[in-house]
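The structure appears below as C-alpha cells.
The values are calculated or read from the model by the stated rules, or taken from the named source; none is laboratory data. Computed from a prediction, not measured in an experiment: that's the story for all the values here. Every residue, glycine among them, receives a Cβ derived from its backbone with ideal geometry; neighbour counts consider all protein chains shown. Remember, those area values only see protein heavy atoms, side chains included, never the ligands or the DNA or RNA. Shrake-Rupley method; radii C 1.70, N 1.55, O 1.52, S 1.80 Å.
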Amino acid sequence: MIGVAPIRRLPQVVADAIAAGEVIERPASVLKELVENALDAGASRIDIAIEGGGLVRIEVADDGSGIADDDLGLAVERHATSKIAVADDIARVRTLGFRGEALASIAAVSELRLTTRTRDSIGGATLHVRHGDVLTRTPAASAPGTRVEVCELFAASPARLRFLRSVATEGSVAVRVVSDLAVTHPEVAFTCTNDSRVVLRTPGGTLRDAIRAVIGPRATRDLLDVDAPGPIAVGGAIASPHAHRASRSGLVLIVNRRLVHNRALLAAIDESYRGLIPTGRHGYGVVTVEVPADAVDVNVHPAKREVRFSDERAVFSAVQRACWAALRAAPALGADGHLPVAFTNGAFEVRDGDIAVMGMHQAYPPTRPTAMPAGHPAPVGNAATPAALPAMEALGQAGSGFLVATAGDTIVLVDPHAAHEKVLYMELLARWRGDASESSGSQLLLMPVVIECGPDRAARVADEHDFFTRCGFTIEQFGPAAVRCTAVPLSAAGADPEALVAELIERLDERDAGTQERQHRVAALVACHAAVRFGDRLDAVAQQRLLDQMVATPGGTTCPHGRPSVLVLDDAMLRRAFRRSPG
Ligand code: ADP
Ligand code: MG
C-alpha cells in the first residue's frame, strides 16, 4: 500500500548531493571544474594527476593566487564565490566560474583535501572535507598556489557509479577534457598523468604550440590557420580536406576562452567542409570565437557546457565564412587520393538511349524481365537474393579504371577497388573468426612505423592491445604521445602501414559496439587500405585473378560499405537498349 509521505526539508548534505549531480556527472566534470578554478586564479602552470579513471584519485595543482586564510572555509560552501557579487555581474562575467558551487558539489560526493597559500602569507593551510563535512583544517607547508585532491569520487553514490563507463573510458574522457582546456589557455603550461603515464605536456606558448602538443606533429602538416578578425572574431586551426576523419569528436569549440558545446556552431564548421570531403567524414581542429561578453549568455547550463548567443545567426555565419576562407586555401585533392567530392551512393541511371541500369545490389543473373511497357526501364533489383557470380573471363580494363569481362551472354563491368576490397574483407573476417589458436596471420614490417597520435589516443591503443593482436596488428604505446606498429595483418601487406594505422587509431574514437562489430569495421578499413586503387593499371593476369577471387567470395557484388562492385548487363537488357527484339 502506498501511504502519503510527509513533506520534509532535506538535510543540507542530501540537498548538496542532489545539486552535485547536476554539476558533477563523472570524473571528467571534476577535472573541468578544478582546472577552470586554477585558470581563474591566474595560474601559469597546472599539474594534473588522474588515477583509476579519476575514481580513485584526481589531483590538480596550480601556481595561481591561492585562497586567503579567512576565505578557506567559504570556498567549499555552496554559492560562495569570489568572482561575482551582484546579479548583473553574470552578464559581464569574464571568469570561467561564477556559480560558486563546484567545490561544494565535489566535496559532497568525495573525500577532498584543499591545500592553499597566497603569495603574501607565510604558511598555507589544508582543509579536509568528506561527503560535505569539514573534518579538519590544519596548517601546511606549501608553495603559493592551490592543490586540490579528490579521492574516492562517488564511493558513497552507487547510483552514480552505475552510470559510469569503464575505468579506462572515464580516464580517457577526463584526459580529453584536460587536453581541450589546455588549448583554451595555450599560455598556461599543463602536464597531465593518467595512472602515472604522462599523457599531456603543453609548453605554455601559442595556440599552435598547444594544438601541436595535443594532436602531435601531424598538426603541422594537416592544419590550416583560421583567422578572421572583427566584432565576432574567429580563429584557430582546422584540418585541411585531405586529413578528414571518421568521427566528429575531434572538433574543439572555444568561445571567449571557454570550452563549450554548441550544436549550431559545430554544424557550421562541418558544413564548411561539404563537397570537399566524402560524406560521413569530418574535419577536426580547434575553432575559437571571441564576442563581447554581453553578447553571450554563459549561464544556461549547470556545468557551463553550453552558451547562448544574442545573435546566433551572425556567429554561425562568421564561423562558416572563416572556415571557408581557410579551406579554400587548401589543396583540393588529398594526399591519400580521396576525390574531393561527396560519394554518391547506390543506384545510378544512364537515361541516354533509354538504358536504365541500376546499382547492382541484385541477384545475378538478373531475372529476365517480362515484357516491359515501352519507355520504362526494367525494374532490376527486385529479386534480391544474393546469388553466386558465374565464372567470368577478363576482356580488359577501360583506361585504368573499370574491368570489362564476359560471363556467358552477359557483359560484366567491375570496379576493381570495390571488388578487391570485398575479397580482402571477407578473407580477414574468415581468418579472425577461425581457430583462435592459429596465428592470426600477421606480417612483420621491415620498418616499424611510429605514429604521433597524442597522449590520449596512445593510452587507448595500449588499452586495446589485445583486440589489435587478435586482428593481426602488433601496436604498442611508444612514449607518451605516440604508438609503434611492428606487424599488420597478412592481407594488409599491400597497404601503406602508416596511413592504415593512423586511421585505425583515429577510429578508436567512434562509439564502440561489440567485438564482432568492431572486427567488421577494422576489416573494412584494412581492406580499403590494402585493395588496389581505382586508378591502378592491372595486367591480364591480375585482372583474371581478381575476377576469380570475386567469384569465390560470398556476396562479392558489393563492397564492404554496400556500394555496388559489379554491373551486369545481360542480354535482355542490351537488346532493349539497342531496340532489338528479345532473342
Ligand atoms: P566558482 O569557481 O564558481 O566561484 P567554485 O566552487 O569552483 O566556484 O570555487 C569557489 C571559490 O573558491 C572561487 O570563487 C575561488 O575564490 C576559490 N577557489 C577555488 N579554486 C581555487 C584555486 N585553484 N585558486 C584560487 N582560488 C580558488
Ligand atoms: Mg569554479
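Some notes on this structure:
- Cα gyration tensor category, rounded, prolate or oblate, for region 442-515 with a/c compared to 1.5: oblate
- Rolling a 1.4 Å probe over the protein heavy atoms gives region 468-542 an accessible area of 42 Å² per residue.
- Axis angle, to the nearest 10 degrees, between helix 416-433 and the longest C-alpha principal axis of the chain: 60 degrees.
- Estimated FRET transfer efficiency when R0 is 22 angstrom, pair Asp297-Glu25 (beta carbons, to 0.05): 0.50
- At full extension, Ala398 and Ala314 could sit 25.2 nm farther apart than now, given 0.36 nm per residue minus the alpha carbon distance.
- Accessible surface, per residue, of region 174-250 when the full set of protein chains is kept, probe 1.4 Å, Å²: 37
- Inverting the pair-averaged 1/r between distinct Cα atoms of region 27-177 gives 15.7 Å as its Kirkwood hydrodynamic radius.
- Three-way shape call for region 1-71 based on the alpha-carbon gyration tensor, with the a/c threshold at 1.5: prolate
- Solvent-free Debye calculation, one equal scatterer per alpha-carbon of region 470-579: log10 I(q)/I(0) at 0.12, 0.13 Å⁻¹ equals -0.58, -0.66.
- List Trp324, Trp432, ordered by accessible area with a 1.4 Å probe, largest first: Trp324, Trp432
- Reachable aspartates and glutamates, given that their alpha-carbon falls under 14 Å from the alpha-carbon of Lys422 and they are not under 8 places away in the same chain: Asp548
- For the chain, the Cβ-based charge dipole about the Cα centre amounts to some 820 debye (Lys, Arg positive; Asp, Glu negative; other atoms uncharged).
- Using alpha-carbon coordinates, inclination of helix 540-552 to the longest axis of the chain, degrees: 70
- Mean Cα-pair separation over length for the chain, i.e. relative contact order, pairs under 8 Å, 6 or more apart, %: 11
- Net charge dipole size for region 235-333 [Lys, Arg +1 and Asp, Glu -1 on Cβ; Debye, nearest 20]: 320
- Per-pair calculated FRET efficiency, R0 = 51 Å: Ser121 and Ala267 via Cβ, rounded to 0.05: 0.55
- Calculated mean residue ellipticity at 222 nm for the chain: -9500 deg cm²/dmol, from DSSP H runs with n ≥ 4 weighted as -39500 (n - 2.57), summed, divided by the residue count and rounded to 500.
- Between Arg328 and Ala143, residue separation times 0.36 nm minus the direct Cα-Cα distance comes to 61.6 nm.
- Within the straight-line cut-off of under 12 Å between alpha carbons, the aspartates and glutamates reachable from Lys304 are Glu22, Glu33, Glu36, Glu101, sequence neighbours fewer than 8 places apart in one chain being disregarded.
- Qualifying GluC sites (Glu not before Pro) in region 95-188, DSSP loop, other Cβ atoms within 10 Å at most 10: none
- Kirkwood estimate for region 270-321, i.e. one over the average of 1/r between Cα atoms, Å: 13.1
- Most simply put, region 205-301 has about 70% antiparallel DSSP beta bridges, counting only bridges with both residues inside it.
- With Cα atoms, 0 to 90° folded angle of helix 312-328 axis to the chain main axis: 60
- Sorting the Cα pairs of region 251-300 by distance into bins of 5 Å, from 0 upward, gives 5, 17, 28, 21, 13, 8, 5, 2 percent per bin.
- Label-point gap, in nm, between Arg8 and Leu444 - each point 7 angstrom along Cα→Cβ: 7.2
- Summed side-chain charge close to Val175 - residues other than Val175 whose Cβ falls under 11 Å, Lys, Arg +1, Asp, Glu -1: 0
- Solvent-accessible area, 1.4 Å probe, carbon plus sulfur percent, for the chain: 55
- Globularity ratio of the chain, using Cα Rg and 2.2 N^0.38 Å: 1.20
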